[in-house]
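Since every read-out is calculated from the coordinates, none of them should be taken as a lab result. Computed from a prediction, not measured in an experiment: that's the story for all the values here. Every residue, glycine as well, gets a Cβ built from its backbone with ideal geometry; the counts of neighbours run over all protein chains shown.
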Amino acid sequence: MDWTLTGIARAVRGVYGRAVNKASLPTYNQDDPAPLAFDLATGRLLVDATGGDGGADTQYTSGTTLASPTGNAILAQFASSAPTLTNNELYVAQLDASGNLKVNVAAGGTSGQQYTGSPAVTVGTQIETLAGAYDGANVRPVKSDNTGTLFVNQGHLAGSTDTVSISDSTGANKATVSASGAVKVDNSGVTQPVSVASLPLPTGASTSAKQPALGTAGSASADVISVQGIASMTALKVDGSGVTQPVSGTVTANQGGAPWSANVTQFGGNAIVTGTGAGGNGIPRVTVSNDSIVGAVPTPSASVTATTVFQVSNLTNSSQTIKSSSGRIYYYHFYNPNVVDIYMNLYDVSGAVTVGTTAATRIIVVPALSVIDTPFVIGQSYANAIKTAATNVDGSTAPALNILATVDYI
């Protein structure tokens, strides 16, 4: 049987094959003649790819694709320069230095080589026909999403004109555009919103009511509906028509001359009373400032009210009542026989007094072995009652020796 292998430089004759069991392949020594081996079960030619052409393991020749092929089949090779082939000569596919498959898509192979991938290519130098989009200088790949929908960029090429069509959902009815570029809108029998700065009045509206002509500011006009004022204008005449006019706001009266010449005859609607005498509605009150000293002149009285004397020699920290109702103190005398100071406490309290807890109205300090002797022209007033007690300076404990106390009151 003669075999001729296309693509081999010479024809091979006298080559025979034999069927072998793939599980127990024969072995050979160097330079032994070896026939082609076929699989005993399938009749397929056995090819060992480890003989130096690359790949590994055993490859089977088959006209169909195997579900789980073994080894690595040589599909293409890298060559730094394009090979020179003769007509009908077989050759492996070519790769570039990066492992990209070289694909010549130009008819007749006259326009160079193009590699599969995403970079743009130059038209007329690398490619003549390619599925993609032309941007005016390069052909770029067309992209789609994972649903097969084509991505469309709404931009347009420089110097070109884009056309947009407006139509209904069927595409049969399209909008029309006037020569000036306006799109015709049909209101289809429904009310349309209108936005305008002003609208003309309906017919007859301008004669239904008088339209005033306001005239020029500062000049008289029969149609003026408000007072218009300018600098140095003629004063506006106001006619009170002989009746009293109301005045709103604060009115300031200025004296025509000095000094003020009007006499004041009343205070609060009451006639002023001059001279001395008892107070009354017509006698003005005098307010004395807090930095002034006013002397009071007592007026003798034909009747005199005698004071009552309260006197004890055993006053201590137990409260004693001087007067059980309101009154005035006109004199007190306190003697302290102790060698330390003591407090004389006076209370304006009608109920029970707890010395040390109840607040004293007045506290008089009596020095050690001393006397306090004080009269009052105007009595000291107590609104509820007058009570007293003597304590040490702590305000609660009793002095070592009792205190002598004398109080004149009314």
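Couple of notes before you dig in:
- Peptides 332-339, 308-315, 267-274 ranked from most to least packed by the mean count of surrounding Cβ atoms within 10 Å: 332-339, 308-315, 267-274.
- Summing charges over neighbours of I329, with a neighbour being any other residue whose Cβ is under 13 Å away from its Cβ, gives +2 when K and R count +1 and D and E count -1.
- Surrounding net charge for D348, when Lys and Arg each add one and Asp and Glu each subtract one, Cβ distance under 15 Å: +4
- Environment charge at A400 (Cβ cut-off 15 Å; Lys +1, Arg +1, Asp -1, Glu -1): -2
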